[in-house]
Amino acid sequence: MSTTKINPGSFTSFKIKTPRSIIYSVKRKIKGRQYRAALRTVLTDGINYINRNKYKTGTNYFCPVCNNQVGGFAHLSNELRFSWNSVCIKCSSRSRHRGLIYAYKKALDSLNNNQKILHFAPEPIFYPLIESYQVDYKTTDFFLQDVDYPNEDIQALSFSDNSFDLLLCNHVIEHVENDRKAVQEMYRILNPGGTALITVPGDFKRKNTIYFEHLKFNGHYRDYGLDFLNLLKQEFDDSEMVNLDQYDDGRKGIKKNEMLFIASKLK
């Protein structure tokens with residue numbers, strides 16, 4: 001059964017790869033002709049292994065998700081890019097999660113009691129925060145089964161129009177074939193006055209989205225550019241892009257240009 005425990009941000013400790021597991025991972029990538037990813041794996045996982053004790057015992061950095069001091073955040077990489085200072089070894093939060101914890105709190109503070117929230121592909125690291133509010137919080141996903149509404153396709157949701165006051169959608173839309181339908185469905189199920197908080201992977205110094213001919217990049221159909229904001233503006237009444245690194249103080253590992261898209265339904 002697919003569960004939220006496999007999600008990034010699963011509230012489980014992050015395991016540093018051993019030299020043997022690094023070699024195995026590199027061989028597997030080379031076999032799959034992912035030569036760039038193989039080289040990057042050697043670099044990022046090698047640095048992580050060298051720094052493994054510092055991550056555990058150091059106190060120079062702070063994770064606002066699990067409220068732990070750490071010696072640094074572990075590095076990740078794939079065929080597309082490096083993700084430096086990404087993972088908290090205590091809770092597995094990524095850079096975006098450490099920024100979103102502040103954005104989500106701000107959004108939750110603006111809600112009234114018993115207003116309805118729908119969280120797509122929910123990450124357990126956010127449960128303590130959301131459940132501390134008196135809201136009607138529901139979760140959903142297409143594959144994950146330990147959610148309130150399993151088997152829901154964000155491109156064709158079963159919910160009635162005007163059903164929720166706040167939608168949380170973190171790194172989901174890149175996994176669906178028709179992102180415009182997904183955005184239209186999110187707008188449809190929002191109550192007037194409702195808001196969707198959306199993140200997607202991409203390079204937001206780049207103007208245009210890159211489309212993939214295959215799904216080998218973590219099941220992604222595309223890597224977004226600034227034109228994602230144009231898509232939201234076409235379907236929502238009001239949309240804006242905010243930089244989550246505004247919440248960083250140099251210790252939280254929130255990357256530059258870690259973007260959150262806020263889309264609203266006004267009427």
Next on the checklist: Looking at the range 84-110, I want the residues that are of a type in the set (S, T, N, Q) and have a partner that is in a helix (DSSP H, G or I) and surrounded by 23 or more Cβ atoms within 10 Å (Cβ to Cβ) with Cβ atoms under 6 Å, at least 6 apart or on another chain. Which pairs are those?
Outcome noted: SER86/SER95; SER93/ILE125
Checklist outcome for this item: Scanning the range 3-48 residue by residue, those among the hydroxyl-bearing types (Ser, Thr, Tyr), more than 20 Å from SER95 (Cα to Cα) and open to solvent by 50 Å² or more (accessible area, probe 1.4 Å) turn out to be THR18, TYR24, TYR35
Next on the checklist: Considering only residues that are in contact with a Ser or Thr (Cβ under 8 Å, 6 or more places away or on another chain) and part of a helix (DSSP H, G or I), which ones fall in the range 181-222?
Outcome noted: ILE189
Checklist entry - open to solvent by less than 60 Å² (accessible area, probe 1.4 Å), in contact with a Lys or Arg (Cβ under 6 Å, 6 or more places away or on another chain) and of a type in the set (Phe, Trp, Tyr): does that describe PHE73? => result no
Next on the checklist: Whether any residue in the range 44-55 is free of Cβ contacts under 8 Å to residues at least 24 places away in the same chain, out of contact with any Ser or Thr (no Cβ under 6 Å at 6 or more places or on another chain) and closer than 23 Å to ASP249 by Cα is what I want to check.
Outcome noted: yes
Checklist entry - Looking at ASN51, ASN85, ASN68, ASN60, which is the one that is under 16 Å from the mean Cα position of the chain (by Cα) and among the polar types (S, T, N, Q)? => result ASN85
Item to check | Long-range neighbours under 7 Å by Cβ, at least six apart or interchain, first residue part of a helix (DSSP H, G or I) within the range 1-29, second polar (S, T, N, Q) and open to solvent by 70 Å² or more (accessible area, probe 1.4 Å) | outcome: none
Checklist entry - Pick from the range 235-254 the residues that are part of a loop (DSSP other than H, G, I, E, B) and touching a Leu at 6+ places or on another chain (Cβ under 8 Å): which of them is nearest to ILE198 (Cα to Cα)? => result ASP237
Checklist entry - Of all the residues that make up the range 30-43, how many are part of a helix (DSSP H, G or I) and either touching a residue at least 12 places away in the same chain (Cβ under 8 Å) or in contact with a Pro (Cβ under 8 Å, 6 or more places away or on another chain) (or both)? => result 7
Checklist entry - Quick one: is LEU232 part of a helix (DSSP H, G or I) and in contact (Cβ under 8 Å) with a residue 40 or more places away in the chain? => result yes
Checklist entry - Is there any pair linking a residue in the range 241-266 that is without any contact (Cβ under 8 Å) to a residue 60 or more places away in the chain to one that is open to solvent by 30 Å² or more (accessible area, probe 1.4 Å) and part of a strand (DSSP E or B), with Cβ under 7 Å and at least six apart or on different chains, and which? => result ASN257/ASN243
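The values are calculated or read from the model by the stated rules, or taken from the named source; none is laboratory data. Model, not experiment: these values are computed from the prediction. Backbone-built Cβ (ideal geometry, glycine too); neighbour counts: all protein chains shown. Accessible surface is based on the protein model in full, side chains and every heavy atom, while ligands, DNA and RNA are left aside. Shrake-Rupley method; radii C 1.70, N 1.55, O 1.52, S 1.80 Å.
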